[in-house]
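Read through the structure below, which is laid out as structure tokens, and then see the notes.
The values are calculated or read from the model by the stated rules, or taken from the named source; none is laboratory data. Quantities reported herein were computed from a predicted structural model and do not represent experimental measurements. All Cβ positions, even for glycine, are placed from backbone atoms using ideal geometry, and neighbour counts span all protein chains on display. With ligands, DNA and RNA removed, areas are computed over all heavy atoms of the protein, side chains included. Shrake-Rupley method; radii C 1.70, N 1.55, O 1.52, S 1.80 Å.
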Amino acid sequence: MGYLLLCFNALGWGLNFPVLKLGLAFSPPMLFTCMRMALGTLAMFIIAGLLGVLRLPRRGDLPILLSVGVLQNMAFITLVTLGVQYLPAGRAAILAYTTPIWVVPAAALFLGERFTLPRAMGVGLGLAGLLTVFNPLSIDWSNHDVFIGGGLIMLGTILWTAGLIHVRRHHWQGDVLSLIPWQLLTSVLALLPLALLLESPSQIDWEPSFVWMLVFSGAIASGICVAAQVAAIRSLPAVSLSLSSASVPAVGMLSAAWFLGEVPTPSDLAGFALIALGILVVGLADRRQALRNRSTAAKATPAS
């Protein structure tokens, strides 16, 4: 069941990149982000209610609620949406899913986790992939959109990484799934005033096709897929989740080629391969470390 959920997520999140690209022709980016997160919030409240886990957050979980709501939801999703305006959807998908690579040095720096050779190799492959995507020899240096879009998305991944570090340090008091609706609601409330200040709802073109894009990006990608990811995390090893992180941009590139007619450049394909390999190496290293920790804990536990 866990693998089916990962496949569903890869399709949902991967397809969302061309959907975002198409949707931005009908709506300003920040208002689009607000509306999709509002639909995601509604979907998550319904899911949590149906599962019987909907309850008010505990006081001890309020810091993580704000951290995830602002950094991982509002900032990351907004910056990626802004970046998609300037880049091909397939390339944006590649850059947005480099986060598993950057978590490794961040965890070593802020959490004291071991920066082992396999993890270092994974990070090195990720950096090589990033440099390949932004190949100095193939970039049109007069096209500033490449740097604006890439910079916005990479800033989003940095903020997402910061949120993940906080998640790892946090001592949870409530169920993770019960907090997600409130985290999404926090992101909507934080972004809405800024979006209304900088953009006008009169700029939204309420074509029927846009409504369907909004429903997909909101209820499915920002709601149902999030719940599916939480369920998959609980039942699958880290290496499987790493493969999922690599499969999303693959679906993003293929769906962008299908729906938008984008043709990935050789640099995009080579960069994706290196980044995906780096994510896999990191996932394998995490799995070995988890098995080693489990074995050590078992040996330390006295027999009853």
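Please go through the stretch 19-60 and write out the trypsin sites (Lys or Arg not before Pro) that DSSP classes as loop and that have at most 16 other C-beta atoms within 10 Å.
Values: sites: Lys21, Arg36, Arg55, Arg58, Arg59; in loops: Arg55, Arg58.
Hits after loop and neighbour filter: Arg55, Arg58.
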Checklist outcome for this item: SASA check, Ile220, accessible area w/ 1.4 Å probe, all protein chains in place, rounded to nearest 10 Å², comes out at 50 Å²
Checklist entry - Ordered by residue, what ³J(HN,Hα) values in Hz, to whole numbers, does the stretch 123-133 give under the Karplus form 6.51 cos²θ - 1.76 cosθ + 1.60, where θ = phi - 60° and Gly and Pro are x? => result 5, x, 5, x, 5, 4, x, 5, 5, 5, 4
Item to check | Structure-based [θ]222 nm, the chain - -39500 (n - 2.57) summed over DSSP H runs of at least 4, per residue, nearest 500 | outcome: -24500 deg cm²/dmol
Item to check | Sequence of Trp212, Trp160, Trp102 from largest to smallest accessible area, 1.4 Å probe | outcome: Trp212, Trp160, Trp102
Next on the checklist: For the full complex of protein chains and a 1.4 angstrom probe, list Ser27, Ser202, Ser247 by accessible area with the highest value first.
Outcome noted: Ser202, Ser247, Ser27
Next on the checklist: Could you compute how much accessible surface Ile46 exposes when probed at 1.4 Å, giving the result in Å² to the nearest 10?
Outcome noted: 90 Å²
Checklist entry - Sorted from largest down, what three extents in whole angstroms do the Cα atoms of the stretch 1-291 have along their principal axes? => result 46, 44, 34
Checklist outcome for this item: Sequence order, the stretch 29-46: Karplus ³J(HN,Hα) from phi using 6.51 cos²θ - 1.76 cosθ + 1.60, θ = phi - 60°, Hz rounded, Gly and Pro as x, gives x, 6, 5, 4, 4, 4, 5, 5, 5, 5, 5, x, 4, 4, 4, 6, 5, 5
Item to check | Accessible surface of Leu109 - all protein chains present, 1.4 Å probe, nearest 10 Å² | outcome: 130 Å²
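For the stretch 1-158, report the % of Cα-Cα distances exceeding 19 Å.
So the pairs more than 19 Å apart make up 66 percent of the total in the stretch 1-158.
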Checklist outcome for this item: Note to self: Kirkwood Rh of the stretch 148-225, Cα pairs, one decimal, Å, is 15.5 Å
